[in-house]
1. Based on what the data block shows, is LYS75 within 16 Å of ligand 2 (Cβ to nearest atom), within 23 Å of SER182 (Cβ to Cβ) and either in the same structural domain as TYR152 (by TED's automatic domain parsing) or touching a strand residue (DSSP E or B) at 6+ places or on another chain (Cβ under 8 Å) (or both)?
2. Of the residues GLY104, GLY108, GLY142, which is touching a strand residue (DSSP E or B) at 6+ places or on another chain (Cβ under 9 Å), modelled with pLDDT under 95 and over 24 Å from ALA268 (Cβ atoms)?
3. Among the listed residues GLN281, GLN288, which satisfies the condition of being over 17 Å from the mean Cα position of the chain (by Cα), at negative phi and not small (Gly, Ala, Ser)?
4. Looking at LEU277, LEU296, can you tell me which residue is under 24 Å from GLU120 (Cβ atoms), aliphatic (A, V, I, L, M) and touching a His at 6+ places or on another chain (Cβ under 6 Å)?
5. Out of region 87-114, which residues are surrounded by 12 or more Cβ atoms within 10 Å (Cβ to Cβ), away from ligand 2 (no atom under 16 Å from the Cβ) and of a type in the set (D, E, K, R)?
6. Against the condition of a type in the set (Val, Ile, Thr), out of contact with any Cys (no Cβ under 9 Å at 6 or more places or on another chain), surrounded by 11 or more Cβ atoms within 10 Å (Cβ to Cβ) and modelled with pLDDT of 90 or more, how does THR84 come out, does it pass?
7. Please go through region 153-171 and pick out each residue that is buried (at least 20 other Cβ atoms within 10 Å of the Cβ) and away from ligand 1 (no atom under 12 Å from the Cβ).
8. Kindly check whether there is at least one residue in region 119-129 that is more than 16 Å from ligand 1 (Cβ to nearest atom) and either touching a residue at least 40 places away in the same chain (Cβ under 8 Å) or at positive phi (or both).
Amino acid sequence: MSSQVKRTYGSRPKTIFPPSSPISVASSSPPPAPMKRSLLFVPNSRPTKRIKLSKPKQKTLVQLHFCIDKSTLQKCSKCDMSYTKGVEEDEALHRTHCLKVKKGMEWGREEEKEEVLEVESMALLKSGKKGRIVCVRADATGKIGAKLNTIYNMMDTALSAPPLSPAILNKSKVYLFLLPASTSKERIAGCVVGQQITTAMEVAPLADSTGSDDTKEEPRSPVVLIDSSSGVFCYPKPLPTSLGIPRIFVPSTDRRQGIASKLLSAAAATFIHGCRLDPKQGHVAFSQTTGDGLVLMREWGGGGVRIYDED
Ligand SMILES: CC(C)(COP(=O)(O)OP(=O)(O)OC[C@H]1O[C@@H](n2cnc3c(N)ncnc32)[C@H](O)[C@@H]1OP(=O)(O)O)[C@@H](O)C(=O)NCCC(=O)NCCS
Ligand SMILES: [Zn+2]
(Lines give C-alpha, C1' and ligand atoms only; values in the text may rest on other atoms or scores of the structure.)
(Ligands and ions follow the chains in the order given, each with its own letter.)
Protein backbone atom coordinates (compact mmCIF):
# COMPACT_ATOMS: atom_id res chain seq x y z
CA MET A 1 0.00 0.00 0.00
CA SER A 2 1.22 3.45 -0.74
CA SER A 3 0.25 6.98 0.13
CA GLN A 4 0.73 10.10 -1.95
CA VAL A 5 2.88 13.07 -1.12
CA LYS A 6 3.15 15.32 -4.17
CA ARG A 7 6.55 16.97 -4.12
CA THR A 8 7.49 19.82 -6.36
CA TYR A 9 9.73 22.84 -5.88
CA GLY A 10 6.88 25.26 -5.48
CA SER A 11 4.67 23.11 -3.35
CA ARG A 12 7.28 21.60 -1.12
CA PRO A 13 5.79 20.48 2.18
CA LYS A 14 7.58 21.72 5.30
CA THR A 15 8.63 18.15 6.04
CA ILE A 16 8.34 15.03 4.03
CA PHE A 17 9.29 12.68 6.82
CA PRO A 18 6.22 11.39 8.59
CA PRO A 19 6.56 11.88 12.36
CA SER A 20 6.16 8.38 13.74
CA SER A 21 3.52 6.35 11.94
CA PRO A 22 4.82 4.19 9.11
CA ILE A 23 2.40 5.49 6.52
CA SER A 24 1.95 9.14 5.74
CA VAL A 25 -1.30 9.85 3.98
CA ALA A 26 -1.74 12.87 1.75
CA SER A 27 -4.25 15.48 2.84
CA SER A 28 -7.46 15.44 0.85
CA SER A 29 -6.91 18.88 -0.64
CA PRO A 30 -4.66 18.97 -3.71
CA PRO A 31 -1.24 20.58 -3.36
CA PRO A 32 -0.88 24.18 -4.53
CA ALA A 33 0.39 24.70 -8.06
CA PRO A 34 4.19 24.95 -8.38
CA MET A 35 5.51 28.43 -7.89
CA LYS A 36 6.62 29.51 -11.33
CA ARG A 37 8.96 32.44 -11.44
CA SER A 38 7.22 34.09 -14.31
CA LEU A 39 7.32 37.78 -14.97
CA LEU A 40 4.29 39.94 -14.31
CA PHE A 41 1.83 40.06 -17.14
CA VAL A 42 1.09 43.66 -18.12
CA PRO A 43 -1.95 43.74 -20.38
CA ASN A 44 -2.04 45.98 -23.38
CA SER A 45 -4.55 48.57 -22.22
CA ARG A 46 -4.66 51.08 -25.05
CA PRO A 47 -8.19 52.53 -25.68
CA THR A 48 -9.78 52.19 -29.07
CA LYS A 49 -10.86 55.09 -31.36
CA ARG A 50 -13.24 57.78 -30.13
CA ILE A 51 -16.74 57.70 -31.61
CA LYS A 52 -17.37 60.89 -33.63
CA LEU A 53 -20.75 62.61 -33.10
CA SER A 54 -22.05 65.20 -35.53
CA LYS A 55 -23.28 67.76 -32.94
CA PRO A 56 -21.27 67.51 -29.75
CA LYS A 57 -23.49 69.82 -27.73
CA GLN A 58 -22.95 68.01 -24.49
CA LYS A 59 -20.13 65.90 -23.14
CA THR A 60 -20.44 62.43 -24.51
CA LEU A 61 -19.34 59.39 -22.60
CA VAL A 62 -16.76 57.43 -24.49
CA GLN A 63 -16.60 53.68 -24.33
CA LEU A 64 -13.08 52.42 -23.63
CA HIS A 65 -12.07 48.95 -24.66
CA PHE A 66 -9.31 47.02 -22.98
CA CYS A 67 -7.63 44.63 -25.30
CA ILE A 68 -6.19 41.81 -23.20
CA ASP A 69 -4.33 39.57 -25.55
CA LYS A 70 -3.27 36.48 -23.66
CA SER A 71 -1.09 35.36 -26.52
CA THR A 72 1.52 37.99 -25.53
CA LEU A 73 2.42 35.88 -22.49
CA GLN A 74 5.03 33.48 -23.79
CA LYS A 75 6.76 30.46 -22.30
CA CYS A 76 10.11 29.66 -23.82
CA SER A 77 10.52 25.96 -24.51
CA LYS A 78 14.32 26.23 -24.25
CA CYS A 79 14.57 27.76 -20.78
CA ASP A 80 11.00 27.40 -19.43
CA MET A 81 10.79 31.08 -18.55
CA SER A 82 7.47 32.92 -18.95
CA TYR A 83 7.68 36.52 -20.14
CA THR A 84 5.54 39.15 -21.85
CA LYS A 85 6.27 39.49 -25.52
CA GLY A 86 6.45 43.10 -26.62
CA VAL A 87 7.57 44.41 -23.22
CA GLU A 88 11.23 45.21 -23.81
CA GLU A 89 12.27 44.80 -20.17
CA ASP A 90 10.72 41.32 -20.02
CA GLU A 91 12.20 40.32 -23.34
CA ALA A 92 15.68 41.50 -22.28
CA LEU A 93 15.46 39.53 -19.00
CA HIS A 94 14.41 36.48 -20.93
CA ARG A 95 17.22 36.83 -23.50
CA THR A 96 19.84 37.02 -20.72
CA HIS A 97 18.41 34.03 -18.86
CA CYS A 98 17.98 31.95 -22.01
CA LEU A 99 21.60 32.49 -23.00
CA LYS A 100 22.83 31.42 -19.56
CA VAL A 101 20.71 28.26 -19.68
CA LYS A 102 22.05 27.45 -23.13
CA LYS A 103 25.72 28.32 -22.81
CA GLY A 104 26.50 28.87 -19.15
CA MET A 105 28.43 31.83 -17.79
CA GLU A 106 31.93 33.15 -17.99
CA TRP A 107 34.53 32.37 -15.37
CA GLY A 108 37.44 34.82 -15.20
CA ARG A 109 40.86 34.01 -13.81
CA GLU A 110 40.48 36.99 -11.48
CA GLU A 111 37.65 35.12 -9.75
CA GLU A 112 40.16 32.43 -8.92
CA LYS A 113 42.23 34.81 -6.84
CA GLU A 114 39.75 34.19 -4.08
CA GLU A 115 39.36 30.93 -2.19
CA VAL A 116 38.90 28.38 -4.93
CA LEU A 117 40.11 24.80 -4.67
CA GLU A 118 40.87 22.85 -7.83
CA VAL A 119 39.66 19.29 -7.28
CA GLU A 120 40.32 17.96 -10.79
CA SER A 121 42.64 19.57 -13.32
CA MET A 122 42.01 17.33 -16.32
CA ALA A 123 38.44 16.09 -16.62
CA LEU A 124 37.90 14.42 -19.99
CA LEU A 125 34.45 14.57 -21.56
CA LYS A 126 32.86 12.19 -24.09
CA SER A 127 33.33 14.81 -26.80
CA GLY A 128 37.09 14.78 -26.17
CA LYS A 129 37.00 18.23 -24.59
CA LYS A 130 39.00 18.70 -21.42
CA GLY A 131 37.85 20.77 -18.49
CA ARG A 132 38.56 21.13 -14.80
CA ILE A 133 36.52 21.06 -11.62
CA VAL A 134 36.82 23.64 -8.88
CA CYS A 135 35.19 23.86 -5.48
CA VAL A 136 34.23 26.93 -3.48
CA ARG A 137 32.25 27.67 -0.33
CA ALA A 138 28.58 28.23 -1.22
CA ASP A 139 28.35 31.29 1.03
CA ALA A 140 31.49 32.93 -0.39
CA THR A 141 31.40 36.71 -0.55
CA GLY A 142 33.16 39.29 -2.74
CA LYS A 143 33.56 38.86 -6.47
CA ILE A 144 33.11 35.12 -6.36
CA GLY A 145 30.04 35.47 -4.12
CA ALA A 146 28.46 37.77 -6.70
CA LYS A 147 29.16 35.23 -9.45
CA LEU A 148 27.69 32.42 -7.34
CA ASN A 149 24.55 34.47 -6.72
CA THR A 150 24.06 34.88 -10.48
CA ILE A 151 24.44 31.11 -10.90
CA TYR A 152 21.97 30.39 -8.06
CA ASN A 153 19.42 32.79 -9.60
CA MET A 154 19.77 31.18 -13.01
CA MET A 155 19.38 27.65 -11.57
CA ASP A 156 16.40 28.65 -9.40
CA THR A 157 14.67 30.29 -12.37
CA ALA A 158 15.34 27.29 -14.59
CA LEU A 159 14.04 24.87 -11.94
CA SER A 160 11.21 27.11 -10.61
CA ALA A 161 12.86 26.66 -7.24
CA PRO A 162 12.91 28.98 -4.24
CA PRO A 163 16.30 30.47 -3.32
CA LEU A 164 18.56 28.36 -1.10
CA SER A 165 18.47 29.81 2.42
CA PRO A 166 21.58 31.35 4.03
CA ALA A 167 21.47 28.45 6.54
CA ILE A 168 21.75 25.92 3.72
CA LEU A 169 24.46 27.89 1.90
CA ASN A 170 26.40 28.07 5.14
CA LYS A 171 26.82 24.28 5.16
CA SER A 172 27.27 23.79 1.43
CA LYS A 173 30.00 23.73 -1.18
CA VAL A 174 29.69 24.51 -4.88
CA TYR A 175 31.42 22.43 -7.55
CA LEU A 176 31.86 24.06 -10.97
CA PHE A 177 32.87 22.42 -14.24
CA LEU A 178 34.99 24.85 -16.27
CA LEU A 179 35.70 24.56 -19.99
CA PRO A 180 38.24 26.73 -21.81
CA ALA A 181 36.50 29.56 -23.69
CA SER A 182 39.39 31.81 -24.78
CA THR A 183 43.02 32.27 -23.78
CA SER A 184 42.20 33.96 -20.48
CA LYS A 185 38.60 32.96 -19.87
CA GLU A 186 36.71 29.81 -19.06
CA ARG A 187 33.02 28.97 -19.21
CA ILE A 188 30.95 27.44 -16.43
CA ALA A 189 29.62 24.27 -18.05
CA GLY A 190 28.02 22.76 -14.96
CA CYS A 191 27.28 23.41 -11.32
CA VAL A 192 26.51 21.14 -8.37
CA VAL A 193 25.67 22.38 -4.89
CA GLY A 194 26.57 19.90 -2.15
CA GLN A 195 24.88 20.35 1.23
CA GLN A 196 25.82 18.76 4.53
CA ILE A 197 22.79 16.76 5.70
CA THR A 198 22.06 14.19 8.39
CA THR A 199 19.27 11.97 7.07
CA ALA A 200 17.48 10.99 3.86
CA MET A 201 14.99 8.40 2.64
CA GLU A 202 15.78 5.34 0.59
CA VAL A 203 14.12 5.25 -2.84
CA ALA A 204 11.93 2.19 -3.31
CA PRO A 205 12.51 -0.02 -6.33
CA LEU A 206 9.68 0.21 -8.87
CA ALA A 207 8.24 -3.18 -7.94
CA ASP A 208 7.84 -2.14 -4.29
CA SER A 209 6.09 1.07 -5.30
CA THR A 210 3.48 -0.48 -7.56
CA GLY A 211 2.82 -3.55 -5.46
CA SER A 212 3.36 -5.74 -8.54
CA ASP A 213 6.46 -7.44 -7.29
CA ASP A 214 6.99 -10.68 -9.16
CA THR A 215 9.18 -12.07 -6.40
CA LYS A 216 6.03 -12.50 -4.24
CA GLU A 217 8.01 -11.34 -1.21
CA GLU A 218 6.24 -9.15 1.34
CA PRO A 219 7.01 -5.47 0.73
CA ARG A 220 9.66 -4.31 3.21
CA SER A 221 7.54 -1.48 4.60
CA PRO A 222 4.89 0.94 3.38
CA VAL A 223 6.19 3.57 0.99
CA VAL A 224 5.34 7.23 0.39
CA LEU A 225 4.89 8.78 -3.03
CA ILE A 226 7.35 11.65 -3.36
CA ASP A 227 6.52 12.84 -6.86
CA SER A 228 3.38 11.74 -8.65
CA SER A 229 4.59 12.95 -12.07
CA SER A 230 7.67 10.74 -12.00
CA GLY A 231 6.30 8.07 -9.68
CA VAL A 232 9.13 8.13 -7.14
CA PHE A 233 8.35 6.22 -3.96
CA CYS A 234 10.49 6.20 -0.81
CA TYR A 235 10.68 4.23 2.41
CA PRO A 236 9.84 6.95 4.93
CA LYS A 237 12.36 5.94 7.60
CA PRO A 238 15.08 8.63 7.83
CA LEU A 239 18.50 7.02 7.38
CA PRO A 240 21.87 8.59 8.22
CA THR A 241 23.15 10.29 5.06
CA SER A 242 26.03 12.74 4.66
CA LEU A 243 25.75 14.59 1.36
CA GLY A 244 22.68 16.28 -0.10
CA ILE A 245 22.42 17.72 -3.61
CA PRO A 246 19.93 20.60 -3.57
CA ARG A 247 20.84 21.97 -7.00
CA ILE A 248 22.46 20.53 -10.10
CA PHE A 249 22.55 22.17 -13.50
CA VAL A 250 24.34 21.78 -16.83
CA PRO A 251 23.74 24.29 -19.68
CA SER A 252 21.69 22.73 -22.46
CA THR A 253 24.51 22.76 -25.06
CA ASP A 254 26.80 20.83 -22.67
CA ARG A 255 24.45 18.03 -21.66
CA ARG A 256 24.97 14.27 -22.14
CA GLN A 257 28.76 14.56 -22.05
CA GLY A 258 29.13 13.31 -18.50
CA ILE A 259 29.55 16.72 -16.84
CA ALA A 260 26.89 16.23 -14.16
CA SER A 261 28.22 12.76 -13.34
CA LYS A 262 31.78 14.08 -13.03
CA LEU A 263 30.67 16.92 -10.78
CA LEU A 264 28.71 14.51 -8.57
CA SER A 265 31.69 12.15 -8.33
CA ALA A 266 33.97 15.06 -7.44
CA ALA A 267 31.55 16.14 -4.72
CA ALA A 268 31.24 12.59 -3.33
CA ALA A 269 35.03 12.23 -3.28
CA THR A 270 35.90 15.54 -1.64
CA PHE A 271 32.88 16.91 0.26
CA ILE A 272 34.11 15.41 3.54
CA HIS A 273 37.86 15.72 3.85
CA GLY A 274 39.50 12.28 3.88
CA CYS A 275 36.25 10.34 3.40
CA ARG A 276 35.10 9.25 -0.04
CA LEU A 277 31.30 8.93 -0.11
CA ASP A 278 29.70 6.15 -2.13
CA PRO A 279 26.31 6.84 -3.75
CA LYS A 280 25.68 3.10 -4.16
CA GLN A 281 25.93 2.74 -0.36
CA GLY A 282 23.34 5.49 0.16
CA HIS A 283 25.76 8.21 1.24
CA VAL A 284 24.30 10.78 -1.21
CA ALA A 285 20.77 12.18 -1.60
CA PHE A 286 18.95 14.52 -4.00
CA SER A 287 16.42 17.01 -2.71
CA GLN A 288 14.29 17.13 -5.83
CA THR A 289 13.22 15.04 -8.73
CA THR A 290 12.98 16.58 -12.18
CA GLY A 291 12.67 14.11 -15.03
CA ASP A 292 16.26 14.58 -16.22
CA GLY A 293 17.52 14.65 -12.64
CA LEU A 294 15.90 11.32 -11.87
CA VAL A 295 17.52 9.52 -14.77
CA LEU A 296 20.86 11.02 -13.83
CA MET A 297 20.34 10.10 -10.17
CA ARG A 298 19.60 6.46 -11.03
CA GLU A 299 22.34 6.22 -13.62
CA TRP A 300 25.09 7.82 -11.54
CA GLY A 301 24.13 6.30 -8.20
CA GLY A 302 23.13 2.84 -9.42
CA GLY A 303 19.81 3.10 -7.56
CA GLY A 304 21.47 3.94 -4.23
CA VAL A 305 20.89 7.71 -4.24
CA ARG A 306 18.36 8.80 -1.60
CA ILE A 307 15.84 11.65 -1.34
CA TYR A 308 15.82 14.35 1.36
CA ASP A 309 14.04 17.54 2.24
CA GLU A 310 16.48 20.43 1.86
CA ASP A 311 14.77 22.66 4.49
C1 LIG B 1 19.97 16.68 -15.21
C2 LIG B 1 21.24 17.29 -15.80
C3 LIG B 1 22.00 17.99 -14.67
C4 LIG B 1 22.10 16.16 -16.39
O5 LIG B 1 23.34 16.71 -16.80
P6 LIG B 1 24.30 15.95 -17.86
O7 LIG B 1 25.65 16.56 -17.77
O8 LIG B 1 23.64 15.93 -19.19
O9 LIG B 1 24.31 14.46 -17.27
P10 LIG B 1 25.37 13.31 -17.66
O11 LIG B 1 25.90 13.57 -19.02
O12 LIG B 1 26.34 13.16 -16.57
O13 LIG B 1 24.39 12.05 -17.69
C14 LIG B 1 24.78 10.79 -17.20
C15 LIG B 1 23.74 9.76 -17.58
O16 LIG B 1 22.49 10.11 -17.00
C17 LIG B 1 21.42 9.79 -17.94
N18 LIG B 1 20.80 11.03 -18.39
C19 LIG B 1 21.14 12.31 -18.04
N20 LIG B 1 20.29 13.20 -18.61
C21 LIG B 1 19.41 12.47 -19.33
C22 LIG B 1 18.29 12.81 -20.15
N23 LIG B 1 17.93 14.09 -20.34
N24 LIG B 1 17.60 11.81 -20.74
C25 LIG B 1 17.95 10.52 -20.57
N26 LIG B 1 19.01 10.13 -19.81
C27 LIG B 1 19.73 11.09 -19.20
C28 LIG B 1 22.09 9.09 -19.11
O29 LIG B 1 22.11 7.72 -18.82
C30 LIG B 1 23.47 9.67 -19.06
O31 LIG B 1 24.44 8.84 -19.65
P32 LIG B 1 24.52 8.74 -21.29
O33 LIG B 1 24.58 10.15 -21.80
O34 LIG B 1 25.82 7.99 -21.49
O35 LIG B 1 23.31 8.01 -21.74
C36 LIG B 1 20.90 18.30 -16.94
O37 LIG B 1 20.05 17.67 -17.86
C38 LIG B 1 20.23 19.57 -16.44
O39 LIG B 1 20.89 20.50 -16.00
N40 LIG B 1 18.89 19.61 -16.50
C41 LIG B 1 18.14 20.80 -16.07
C42 LIG B 1 18.21 20.97 -14.56
C43 LIG B 1 17.73 19.74 -13.83
O44 LIG B 1 16.76 19.12 -14.19
N45 LIG B 1 18.45 19.41 -12.75
C46 LIG B 1 18.17 18.23 -11.98
C47 LIG B 1 17.47 18.53 -10.73
S48 LIG B 1 17.13 16.99 -9.89
ZN1 LIG C 1 14.31 30.96 -23.29
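1. Working: within 16 Å of ligand 2 (Cβ to nearest atom): yes; within 23 Å of SER182 (Cβ to Cβ): no; either in the same structural domain as TYR152 (by TED's automatic domain parsing) or touching a strand residue (DSSP E or B) at 6+ places or on another chain (Cβ under 8 Å) (or both): yes.
No: the conditions fail for LYS75.
2. On the way: GLY104 fails: over 24 Å from ALA268 (Cβ atoms); GLY142 fails: touching a strand residue (DSSP E or B) at 6+ places or on another chain (Cβ under 9 Å).
Of GLY104, GLY108, GLY142, the one residue that is touching a strand residue (DSSP E or B) at 6+ places or on another chain (Cβ under 9 Å), modelled with pLDDT under 95 and over 24 Å from ALA268 (Cβ atoms) is GLY108.
3. Working: GLN288 fails: over 17 Å from the mean Cα position of the chain (by Cα).
Every option except GLN281 fails the conditions.
4. Values: LEU296 fails: touching a His at 6+ places or on another chain (Cβ under 6 Å).
Every option except LEU277 fails the conditions.
5. The answer is GLU106, GLU111, GLU112, GLU114.
6. Details: of a type in the set (Val, Ile, Thr): yes; out of contact with any Cys (no Cβ under 9 Å at 6 or more places or on another chain): yes; surrounded by 11 or more Cβ atoms within 10 Å (Cβ to Cβ): yes; modelled with pLDDT of 90 or more: yes.
Criteria met by THR84.
7. LEU164, ILE168, LEU169
8. First pass over region 119-129, keeping only residues more than 16 Å from ligand 1 (Cβ to nearest atom): 119, 121-122.
When the remaining residues are screened for being either touching a residue at least 40 places away in the same chain (Cβ under 8 Å) or at positive phi (or both), the result is 119.
Yes, because at least one residue in region 119-129 is more than 16 Å from ligand 1 (Cβ to nearest atom) and either touching a residue at least 40 places away in the same chain (Cβ under 8 Å) or at positive phi (or both).
The values are calculated or read from the model by the stated rules, or taken from the named source; none is laboratory data. What you are looking at is a predicted structure, and each value in this text was computed from that prediction instead of being measured. Virtual Cβ from ideal backbone geometry, glycine too; neighbours counted across all protein chains shown.
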